[in-house]
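The values are calculated or read from the model by the stated rules, or taken from the named source; none is laboratory data. The structure displayed is predicted, hence computed values, not measured ones. Positions of Cβ are generated from backbone atoms using ideal geometry, with glycine treated the same way; all protein chains shown enter the neighbour counts.
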Amino acid sequence: MKLILMILTLLCCLSASIIAQAQNNDIATGQEPIFVPENIQLLVEQITNAENNENWQEYTRLREELIQEWQQINPEVAKLYSNSNSGTPDLTADGKPINSDKLFNQNTPEEEFELPMESPNWGNDIQITSGKAYDISMDVSETGDIYVAVDGRKDGTTTKDSVYIYKSTNGGLTWSEWGFTYASSHTFDQIELMCFDRAGSSEAYILLFFRFNDGWLRVARRDMNTPAGWSYYTIVSEGVLDFAVDRNYSSTNYRAICVYDSSNYIFSTRSEPASYGTVWQDKVNIGGLVGRDLDFAYGWNGAVYTTFNGNNSGNLYAIENINYADPASWGTQYTIAQGNVDTTRHAEIIASREDDPNNKVIVLFEKQVGSTYGIYNATRDNNVWDPYIGWVTVQENKWPSMYVTKITGSQDFRGAFEQSDAGNAPPRLIKYKGYNGSSWSTSFQFSDGDVTGLQKPEVGDIDGSTPISAFVGANYDGVYFDNASWPLVGIGDDLLTQTPTKFEISQNYPNPFNPTTSIQFRIPENSFVSLKIYNVLGKEIATLLNEQKNSGSYEVNFDATNLTSGIYFYRIEANSFVKTKKMILIK
């Protein structure tokens, strides 16, 4: 018996050792967390208080004192408190001379920007653009204007050398092109848009963060109030595989913070407050950890959070920093979920804007169970993480997205995701869930129809109580938008009876389609209207309209049951107005 007890004790110790090793195998060899002496901790707290109170003179003085203290204690840590760029801008996205030729495609986008037909409905979506959309990002300004950035050509070609930004000033009813940028010798692999403004401040910018195909991470800045050209700044020159950004909400000297994966090492860096996103500093490898598939969120009064998957273990971690991402203030990682590589992924983290530790932090993530992925959530309340639970686990669920209302003390969170049949088979739907501070609502669909696939939802809020969402259409074609406040009316009802002021024809919806789709058009005067369908050879396939119409708004349905999959065109002629658009039938 004594021998058996000794063997069992030895096995328990061995198991504990194996578990500890498994939990620590995401720490790089030779990398250890930074030890922070008490005097440094006190200085960091004073710096945080100065930033909270927006006392920038005191902030600058204390920061210099902090660097001097670190220089005496650990010069290697002192080096972390340095600028990684000079703040001198480039005038093009990839540093090429202005007006450099685009190497990928010489096609010129259409000069006319097509405004979508106004059919607002939390079930009937508005199409922002019909061009390609390989990545999108949405944010809302302090004044309630909505901005959506789209990585992809507006003319539908497949090269990723252009980013367009669209703006709506009326809750998403109508959209206009606010700006665009392109690269001459690179492609855009990832984008994040940030409204860098505060009510009543003269400093108001759009920041467009982007990662090129070679891992070059940059930020472009453009004035929101008096838009002119873009200026471009490097954050990291190479090796970035993924990144996430958020910002503080001071009245002046806003700070942006970026967490990124560089060759599978997790780093943080932050902008110098008075530079408004142009000077980047204080880069550090967080905890010596290796990981990927990350996200980042700002809470309140300096508390920030990141989540990522361990590169070796596949575990999902969360880490907090209560001092505005000070490089020596990252805590230890908390393991949200244990797993194997690729079994947990696409995590999103968000935090309410309340003083730590009273704020609420939520992580949504995909987790593989069997052959499909469900979405799970973990919540940190009063500084304690609860075990993760199922958020949506029926069918296949992907691409979770979250947003918190930009109101101090609010715990109103918004969540959106893509749901499909097993194996990500169509139809793919975009669904929504809301959080009221204690529980999530049941999910409901707000994307339209039985389509071949929708993906990559962005979710937001425009007034503290109205959820909004933008998402990519099937096959990365088009970007769509919906607003929870829009009335539940049919497409052909009240909103189509408004008197139009110009000739317009919308992109058919859905597109791609199978086998039916609808086409809306408007005519401001009595006209003889011809609306016909053609194949790619220019042969007329069908005549939908060929008659006199009074001024007004109309919707016509097209049934392609007897046609084969492929590209078709519809052409309208009304008095002197002539327009042709492309549509895709997929069976």
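Observations, loosely collected:
- Among the residues of region 224-271, those that are more than 18 Å from Asp197 (Cβ to Cβ), in contact with a Lys or Arg (Cβ under 8 Å, 6 or more places away or on another chain) and outside any strand (DSSP E or B) comprise Gly229, Asn264.
- Residue check, Arg428 within 20 Å of the chain's Cα centre (by Cα), assigned to a strand (DSSP E or B) and either farther than 21 Å from Ser137 by Cβ or modelled with pLDDT under 90 (or both): yes
- Residue within region 235-255 that is on the phi > 0 side of the Ramachandran plot, among the polar types (S, T, N, Q) and more than 17 Å from the chain's Cα centre (by Cα) present: yes
- Test: residue in region 196-214 that is among the basic types (Lys, Arg), assigned by TED's automatic domain parsing to the domain that holds Ala93 and outside any loop (DSSP other than H, G, I, E, B): yes
- When Thr306, Thr372, Thr343 are screened for being surrounded by 23 or more Cβ atoms within 10 Å (Cβ to Cβ), among the polar types (S, T, N, Q) and either more than 18 Å from Ser262 (Cβ to Cβ) or modelled with pLDDT of 90 or more (or both), only Thr306 passes.
- Residue count for region 558-577, restricted to those that are exposed (fewer than 15 other Cβ atoms within 10 Å of the Cβ), modelled with pLDDT of 90 or more and assigned to a strand (DSSP E or B): 1
- Filtered residue count, region 403-425, keeping only those that are of a type in the set (Lys, Arg) and part of a strand (DSSP E or B): 1
To keep it simple, each residue is scored yes or no on (1) modelled with pLDDT of 95 or more; (2) at positive phi; (3) surrounded by fewer than 24 Cβ atoms within 10 Å (Cβ to Cβ).
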{"position": "Tyr276", "(1), (2), (3)": "yes, yes, yes"}
{"position": "Asp293", "(1), (2), (3)": "no, yes, yes"}
{"position": "Trp300", "(1), (2), (3)": "no, no, yes"}
{"position": "Ser313", "(1), (2), (3)": "no, no, yes"}
{"position": "Gly331", "(1), (2), (3)": "no, no, yes"}
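- Some residue of region 421-443 being on the phi > 0 side of the Ramachandran plot and surrounded by 20 or more Cβ atoms within 10 Å (Cβ to Cβ): no
- Test: residue in region 100-117 that is basic (Lys, Arg), assigned to a loop (DSSP other than H, G, I, E, B) and modelled with pLDDT of 80 or more: no
- Options Ala347, Ala325; residue that is small (Gly, Ala, Ser) and in contact with a Leu (Cβ under 7 Å, 6 or more places away or on another chain): Ala347
- Where strands (runs of 3 or more DSSP E) sit wholly within region 448-535, those with at least 3 residues that are modelled with pLDDT of 80 or more and crowded, with 21+ Cβ neighbours inside 10 Å occupy 455-461, 467-472, 477-483, 516-523.
- In region 358-380, the qualifying residues are those that are part of a loop (DSSP other than H, G, I, E, B) and without any contact (Cβ under 8 Å) to a residue 40 or more places away in the chain, and the one that is farthest from Tyr317 (Cα to Cα) is Gly370.
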